[in-house]
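No lab work stands behind these numbers, since they all come straight from the coordinates. Here the structure is a predicted model, which means the values were calculated and not measured. Neighbour counts are summed over all protein chains in view; Cβ atoms, including those assigned to glycine, are modelled from backbone coordinates with ideal geometry.
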Amino acid sequence: MPHVGLFIPCYIDQLYPDVGFATVELLEKHGCTVEFPPAQTCCGQPMANTGCTDAAIPVARKYLEIFSKYEYIVCPSGSCTAMIRQHYHDLVHDHPDFERVTTHTYELCEFLVDVLKIETITGSFPYRVGLHQSCHGLRELRLGSASELMQPRFSKAGQLLQGLDGIQLVELKRADECCGFGGTFAVSEEAVSCMMGLDRIHDHEQAGAEIVTAGDMSCLMHMYGLITRQKKPLKVMHVAEILAGRQPEK
Amino acid sequence: MAVRKHPENAAVFVADNDRAHWHDQALWFVRSKRDKIAATLPEWEELRQRASEIKLHTLSRLADLLEEFERNATKLGAKVYWARTPAEHNEIVLSIIQQHKATKVVKSKSMLTEECHLNPFLERNGITVTDTDLGEWIVQLLEEPPSHIVMPAIHIKREEVGDLFHKHLGTDAGATDPPYLVNAARKKLREQFLGAEIGLTGVNFAIAETGGFVVCTNEGNADLGVSLPKVHIACMGIEKMIPRFKDLGVFLRLLARSATGQPITTYSSHFHGPMPGGELHIILVDNGRSDILGSEEFRRSLHCIRCGACMNTCPVYRRSGGHSYQTTVPGPIGSILAPSRDAKTYSTLPYACSLCGSCSDVCPVKIDLHTQLLSWRKEIAHRKLLPWSKRMSMTLAGMMFQRTWLFTMIGRWGRWLLPKLPRFMVYNRFNDWGKQRELPPMPKQSFREMYALRNKERS
């Protein structure tokens, strides 16, 4: 029975507790024991992506120390996982726990598919769903095939969602264009960020989606903000919520 | 020219919603064409890998290869010059023109000469320069810089070309029919070609082994421009080198497919020494490239073959336009090259990026563009070129995340306070998030609070 240390990104902890619970339920349902070490805060990405290495290093070190004792670390965010796996090298490569912790940190869908070897998840979600391929999961963790690369097409989240009864994954015109969240980019380049978000939403709408889902709640938070301001009927749900059996709020 | 911050320029571009979408669609169309044609080659990813390795090798011995090229080009009868700066480059060009007592120059597309601001320099010295690439000629007539390195006038609508040609060429007012406008341009450019005394071109690939070089165009304007006049001046950045003739095929196969979705450019013109009775002058320009070569972090940006694919795919470039970058080379690669020359002036460019990584995956020579943009951000913060507000907020955030109690306390207060505030206190001009977006609903309890409660109940 795999023992999993749960890493819940800071903004999911504070703003989307149910995404955290959906993650716990999914992991427990598939035979994991889950532990949430309460000392955790953030992976350090906001500081690191702004270039403020000095501010990010102690946060990264804190993460390594908190999670060093776990066999696996699972996180319901491709972006935060990519930060740890791909960018901790620049910050804390000299830490004794660096190698072990970073190579044992997994994004949720990746963990379900690659480690637990789950092929399908039972459940029902009778809706038309647009799968937003969050960029860091896609192009840094390779959780799916990026449209730029000439390789066989796959998507770990898509594969899991596909197994649910009644679900219909809609086809987008631009399979994996960025939604424009981009962390601090969302405010420092507000105009472009919002135009990107609205274009993404429009693509899901024209494809007939009722729900937009993604492996990253940050993309969805940005799109939710735009959808709500524009009073559109589209809803957003984290992929963990759908896989854990949640249904959209009426 | 005063350089404004990218977000300000971008906001102006985005404000014209129809035009910004038109621009986005036009470039996405090119990206889609690239996808389609790349998919027809089963060895696409292998080609990218090969090209990247050839460039890596080339840069590892660039000095030797440049000298080998000089020797071989000289043997073929060309004259080779070395220019450290744009000023040196421009002086060399001018002196060659003056030696021939010439005043009329035709020029095919060359981003290097744009980078060196050659046209205004020559014009100040009484030389008439005509850009013969249709797109570049359009922006020349408009007195604007190119907004894209492959499609210099991609930001101009055909109605605007109609107006421009009406003004300059006397075409019918309101004419927008592309064949009609192209024919008018062709007629006018023909006169320039026939009257030119000197033909100037860029260089796409220079081959050390042979001393020859290749210029790729779709309009054949480079060929015509150097076939009629007796004197050919070719200007190239020193990173255009490839070692062997047999390496060329790898790049020619990648270049046009990545740039415009064509299998190959209509003309790939090879030049090996001057034509009989003519002269060939080749100017090798550094302009900061050696500095980039010396930097382990950014060296790979010199792999660039100027295909423009990173611009076509960049969601920010497509929605902010090439001019928003205020550099000769815009988009992702430009946002790496510009701060290498002047980090202070171009400090906002590495942040004009959502770090989506599409550029790195589309790049035919596998430059890790988005990682280099991230590296530039570190460099900019390190050199204290970040705005005070950004630096301060990140330092404070770092301090908060180091202290679990502080993070949870601030979170709790925020979630409690925010829903109680009147709307104008949350959504105002200080809140850039809230200009067009709602904040998420604030839950009463955080995950960690609910989780602790659940565990307590279970035990």
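What the Kirkwood sum gives for region A:3-115 is a hydrodynamic radius of 14.0 Å, with every pair of different alpha carbons counted.
Shielding by partners for peptide A:7-19, expressed as the average number of C-beta atoms from other protein chains within 10 Å of each residue's C-beta, is 5.
In this simple spin-label approximation, residue A:115 and residue B:341 carry label points 7 Å from Cα along the Cα→Cβ vector, and these lie 4.8 nm apart. Peptides A:235-242, B:129-136 ranked from most to least packed give A:235-242, B:129-136, packing being the mean of other C-beta atoms within 10 angstrom over each peptide's residues.
Neighbours of residue B:282, meaning other residues whose beta-carbon lies under 9 angstrom from its beta-carbon, give a summed charge of 0 when Lys and Arg score +1 and Asp and Glu score -1. Build a GNM of chain A with springs between Cα atoms under 10 Å apart, and of A:183, A:51, A:123 the one that fluctuates most is A:51.
Cα-based radius of gyration for the protein assembly as shown, normalised by 2.2 N^0.38 Å, reads 1.04. With neighbours defined as other Cβ atoms within 10 Å of a residue's Cβ, the residues B:28, B:388 order from fewest to most as B:388, B:28. Note on region B:41-287: Rg/Rh from Cα positions, Kirkwood definition for Rh, rounded to two decimals, is 0.98. A simple count of charges around residue B:445, restricted to other residues whose Cβ falls under 10 Å of its Cβ and scoring Lys, Arg +1 and Asp, Glu -1, yields +3. With helices as the sole contributors, chain B gives -15500 deg cm²/dmol at 222 nm; each DSSP H run of n ≥ 4 counts as -39500 (n - 2.57), and the sum is divided by every residue.
Listed as lacking a disulfide-compatible partner in chain B: B:116, B:216, B:235, B:304, B:307, B:314, B:353, B:363, by the criterion of no other cysteine Cβ under 4.7 Å. Peptide A:225-232 is shielded by partner chain Cβ atoms: per residue, an average of 3 of them sit within 10 Å of its Cβ. Per residue, chain A reaches -11000 deg cm²/dmol at 222 nm when only DSSP H runs of four or more residues are counted, each adding -39500 (n - 2.57).
Angle of helix B:388-402 to the longest C-alpha principal axis of chain B, folded into 0 to 90 degrees and rounded to 10: 50°. Using only side-chain charges placed at the Cβ, +1 for Lys and Arg and -1 for Asp and Glu, the dipole size of the protein assembly as shown relative to its Cα centre rounds to 980 debye.
Remark: region B:41-287 carries a charge dipole of roughly 520 debye about the Cα centre, counting +1 on each Lys and Arg Cβ and -1 on each Asp and Glu Cβ. Summing Lys, Arg as +1 and Asp, Glu as -1, what charge do residues with Cβ under 12 Å from the Cβ of residue B:382 carry, residue B:382 excluded? Around residue B:382, the charge tally is +2. Percent of Cα pairs in chain B per distance bin of 10 Å, from zero to the largest separation: 4, 18, 27, 24, 13, 7, 5, 2, 1, 0.
Highest mean packing comes first when the peptides B:105-111, B:270-276 are listed by Cβ atoms within 10 Å, giving B:105-111, B:270-276. For chain A, taking Cα atoms only, Rg and Dmax work out to 17.4, 50 Å respectively. Counting only other chain Cβ atoms within 10 Å of each residue's Cβ, the peptide A:82-88 averages 1. Ordering B:169, B:201, B:127 by the projection of their Cα atoms onto the charge dipole of region B:119-211, which places +1 on the Cβ of Lys and Arg and -1 on the Cβ of Asp and Glu, puts B:169 at the extreme positive end. As an exercise, use a Förster radius of 30 Å and the Cβ-Cβ distance of residue B:99 and residue B:67 to find the FRET efficiency, rounded to the nearest 0.05. So, using R0 = 30 Å, E works out to roughly 0.75. Are any of the pairs A:235/B:420; B:79/B:101; B:167/B:188; A:117/A:156 more than 20 Å apart by Cα-Cα distance, and if so, which? Where the Cα-Cα span goes over 20 Å, the pairs concerned are A:235/B:420. Normalised by residue number, the volume inside the convex hull of the Cα atoms of region A:128-243 is 100 Å³ per residue. Taking the number of Cβ atoms within 10 Å of each Cβ as an exposure proxy, the fewest-first ranking of B:228, A:220, A:116 is B:228, A:116, A:220. Restricting region B:272-381 to GluC sites (Glu not before Pro) that sit in a DSSP loop and have at most 12 other Cβ atoms within 10 Å of their own Cβ leaves B:296. Taking other C-beta atoms within 10 angstrom as a stand-in for reagent exposure, B:335, A:188 fall in the order A:188, B:335, fewest first.
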